[in-house]
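Student: Got a structure here, written out as structure tokens. Questions coming.
Derivation of every value follows stated rules applied to the coordinates shown; laboratory data play no part. Note that the coordinates shown come from a computational prediction; the quantities given were computed from them, not determined experimentally. We place every Cβ from the backbone using ideal geometry, glycine too, and count neighbours over all the protein chains shown.
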């Protein structure tokens, strides 16, 4: 039987090099950063995975800085590569976002680093959802096989402790959104940054953000604008914007809202 040849470089490094050279947005929603090409400010990238969101931001802007937070150490080399490509605009820390200082188990589909690593979650109940089963099955992974997950002990911190002033926070934490947002409560109350959150368990965190004065929007790729979020559409991410925030990033995003 012929031996399966594995790439010399880890998956994440190869994927990051391809994305950096080609300059593509890994998801359509990240095309909004074309509007922010000359903007300044900090993007807090929560749930960085291999850094695909950070690259989508850095390749579309000239002055925005990115700070990534990612608990899975399998991705550290991929994130280090981004730091080499953008040494003055990129930093990262290997921790998970939550609402307290603690340690938790990160459940990661697959026994080795791959594209499935981005689906890791601190909430094992996340893998009981039908749509998660279907998404993982499309990549050849049986979500019902508990022995097929890597279980990694990771540090968890409330991101308020970073004492950052982000212009925008990207949140992709696979079912741990409300804990991560509660750990950012002081930052949200003080700075009202724009938020880009992957849709997951919205009933847990939309009421919290609404109480802080946020409005909710989706990216309309066909018209290249933002539109009010409603249940009739099923976007991958929600943009959460605060009308009272005068930061240029939020004002630019609100300026591209169409009814």
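Student: With an 8 Å cut-off on Cα pairs and a minimum separation of 6 or more residues, tell me the relative contact order of segment 1-143 in percent.
Tutor: Values: 200 pairs, mean separation 27.4, N = 143.
Computed value for segment 1-143: 19 percent relative contact order.
Student: Rounded, prolate or oblate, given the Cα gyration tensor of segment 14-161, with a/c below 1.5 counting as rounded? Let's see the in-between values first.
Tutor: On the way: a/c = 2.00, a/b = 1.49, b/c = 1.34.
Taking the square roots of the gyration eigenvalues as a ≥ b ≥ c, segment 14-161 is prolate.
Student: Continuing with this model, one more query. For the chain, give the share of DSSP beta bridges that are antiparallel, in percent and rounded to the nearest 5; count only bridges with both residues there.
Tutor: Around 50 percent antiparallel, to the nearest 5.
Student: Based on DSSP H runs of at least 4 residues, each adding -39500 (n - 2.57), what is the mean residue ellipticity at 222 nm of the chain after dividing by all its residues, to the nearest 500 deg cm²/dmol? Mind dumping the intermediate values first?
Tutor: Values: 8 runs with 68 residues, N = 259.
The helix-only estimate for the chain comes to -7000 deg cm²/dmol at 222 nm.
Student: In whole Å, how far is the Cα centre of segment 142-156 from that of segment 166-195?
Tutor: 25 Å
Student: Once you place label points 7 Å from the Cα toward the Cβ at residue 85 and residue 185, how far apart are they in nm?
Tutor: 3.8 nm
Student: Pairwise over distinct Cα atoms, reciprocal of the mean inverse distance: report the Kirkwood radius of segment 9-69 in Å, one decimal place.
Tutor: Details: mean 1/r = 0.0852 Å⁻¹.
Result for segment 9-69, one decimal place: 11.7 Å.
Student: Assuming 0.36 nm per residue, please report the length gained on full extension of the stretch residue 202 to residue 38 beyond their Cα-Cα distance.
Tutor: Values: separation 164, 0.36 × 164 = 59.04 nm, distance 3.19 nm.
So the extension gain works out to 55.9 nm.
Student: Enter the mean projected area of the convex hull around the alpha-carbon atoms of segment 147-259, in nm², rounded to one decimal. Please report the intermediate quantities before stating the final value.
Tutor: Details: hull surface 35.1 nm².
Result: a mean projected hull area of 8.8 nm².
Student: Among the DSSP beta bridges whose two residues both lie in segment 113-237, what percent are antiparallel, rounded to the nearest 5?
Tutor: Working: 5 of 9 bridges.
Of all bridge pairs located within segment 113-237, approximately 55 percent are antiparallel.
Student: For segment 215-259, what is the relative contact order in percent, using Cα pairs closer than 8 Å and at least 6 residues apart in sequence? Don't jump to the answer; show the numbers that get you there.
Tutor: On the way: 54 pairs, mean separation 19.3, N = 45.
It rounds to 43 percent for segment 215-259.
Student: Any idea how far apart residue 24 and residue 105 come out in nm if each label point goes 7 Å out from Cα toward Cβ?
Tutor: 3.7 nm
Student: Continuing with this model, one more query. Would you mind giving the average projected area, over all directions, of the Cα convex hull of the chain in nm² with one decimal? Walk me through the intermediate numbers first.
Tutor: Working: hull surface 58.5 nm².
For the chain, the mean projected area of the Cα convex hull comes to 14.6 nm².
Student: If you average the sequence gap of Cα pairs under 8 Å that are 6 or more apart and divide by the length of the chain, what percent do you get for the contact order?
Tutor: On the way: 490 pairs, mean separation 44.0, N = 259.
This gives 17 percent for the chain.
Student: Report the Stokes-Einstein translational diffusion coefficient (µm² s⁻¹, integer) for segment 110-205, Rh taken as the Kirkwood radius over Cα pairs, at 4 °C with viscosity 1.567 mPa s.
Tutor: On the way: Rh = 15.0 Å.
Approximately 86 µm²/s, per Stokes-Einstein.
Student: Sticking with the crude label model, points 7 Å out along Cα→Cβ, report the distance from residue 243 to residue 146 in nm, one decimal please.
Tutor: Output for this residue pair reads 4.9 nm.
Student: Find the percent of Cα-Cα distances in segment 172-226 that exceed 20 Å, and round it to a whole number. Mind showing how you got there, number by number?
Tutor: On the way: 381 of 1485 pairs.
It works out to 26 percent of all Cα pairs.
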